[in-house]
Amino acid sequence: MNHRGNHYYNKIFSFLISTILLFNVYGCTNNAQESFKSIMIPVRDGIKLATDLYFPDEESKSYPVILIRTPYNKMLLKEYGEFYSKHGYVTAIQDVRGKYGSEGIWMPYEFEGEDGYDVIEWLAIQEWSNGKIGMVGGSYSGSVQLAAAIEAPPHQNKIRSSFLFLS
């Protein structure tokens with residue numbers, strides 16, 4: 001390669017490094033709400049439940065929350081989080097106790113009522129929540145809503161569950 005070609009590549013390389021440094025120092029600091037966050041939510045016995053939070057892009061101080069609790073792996077439900085967040089809801093998608101990223105031992109239906117209650121009340125008091133919590137889901141995810149509703153959490157506003165029974 002000739003001298004002119006090396007000079008050209010050096011300029012491009014310098015420009016790219018400068019751009020990367022500039023974005024790292026100035027362009028990536030943002031005080032706006034993150035659009036996605038993975039967290040662990042504690043329940044009454046100290047177990048922590050893996051939860052993905054999806055936030056609306058619009059600017060608001062607080063939002064209603066949709067909670068989906070699943071034994072099927074929260075990562076498979078990413079599209080629901082993206083869909084509901086685009087419609088103005090914070091969406092919390094959670095692996096139930098003992099499944100995938102959540103702590104504890106999975107014992108079907110054993111802790112679903114208490115864990116659901118605790119998670120609903122935890123979500124309700126977050127600064128980005130307006131205290132109105134709804135739940136959606138079908139199959140096991142639908143039954144955990146009913147288990148939580150039996151516990152009567154004060155901030156659970158709506159549930160939409162569906163079941164399929166075959167004979």
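A few comments on the model shown:
- Residues that are of a type outside the set (A, V, I, L, M) and either assigned to a helix (DSSP H, G or I) or at pLDDT below 95 (or both), drawn from segment 73-86: LYS74, LYS78, GLU79, TYR80, GLY81, GLU82, PHE83, TYR84, SER85, LYS86
- GLY137 being surrounded by 18 or more Cβ atoms within 10 Å (Cβ to Cβ) and on the phi > 0 side of the Ramachandran plot: yes
- For segment 43-61, the set of residues classified as at pLDDT 95 or above and loosely packed, with under 14 Cβ neighbours inside 10 Å consists of ARG44, ASP45, GLY46, listed by residue number.
- Within segment 62-72, considering residues that are in a strand (DSSP E or B) and not polar (S, T, N, Q), the one surrounded by the fewest Cβ atoms within 10 Å (Cβ to Cβ): PRO64
The values are calculated or read from the model by the stated rules, or taken from the named source; none is laboratory data. As the structure is a prediction and not an experimental result, all values here were calculated from the model. Ideal geometry is used to build each Cβ from the backbone, glycine not excepted, and the neighbour counts take in all protein chains shown.
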